[in-house]
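Values in this text are rule-based calculations from the coordinates and carry no lab data. No experiment lies behind these values; they were computed from the predicted model shown. Cβ: placed from backbone, ideal geometry, glycine included. Neighbour counts: every protein chain shown.
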Amino acid sequence: MVTDKIKALLMITGKKQVDLANEFGLTAQSMSNKMTLNRYNADDLIKIAEFTGCKVGFLLPNGEHILLEASDIREKKKPE
């Protein structure tokens, strides 16, 4: 489950779930719900990677890799 890996990543990097919630602009309870439901999109994974000082990406069979970065996160449309 992705949540278990995210929790391990937080523990390894010395980060706290409540701080991750703040990074996402969520309450601690909302982040807990997100993690319990295991609901993440690519933007979420990029944010989590950036928060923990890591990278997320694709490792190709030939050893090459393609990394996703903060600049790849979709901009949220502002209400008009």
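Shown here are the Rg and Dmax of the Cα trace of segment 1-47, at 9.8, 23 Å.
Of interest is the spacing of the C-alpha centroids, which for segment 1-38 and segment 46-63 amounts to 17 Å.
Peptides 63-72, 38-47, 10-19 ranked from most to least packed by the mean count of surrounding Cβ atoms within 10 Å: 38-47, 10-19, 63-72. Across segment 65-71, computed HN-Hα scalar couplings (Karplus, 6.51 cos²θ - 1.76 cosθ + 1.60, θ = phi - 60°) run 9, 10, 9, 9, 10, 4, 5 Hz from first to last residue, x flagging Gly and Pro. Expressed as a whole percent, the proportion of Cα-Cα pairs in the chain lying more than 17 Å apart is 51%. For the chain, relative contact order (Cα pairs under 8 Å, six or more residues apart, normalised by length) works out to 22 percent.
Take the Kirkwood radius over Cα pairs of segment 35-80, plug it into Stokes-Einstein at 4 °C and 1.567 mPa s, and you get 106 µm²/s for translational diffusion. In this simple spin-label model, placing a label point 7 Å from the Cα along the Cα-to-Cβ direction at both HIS65 and ALA42 gives a separation of 1.8 nm.
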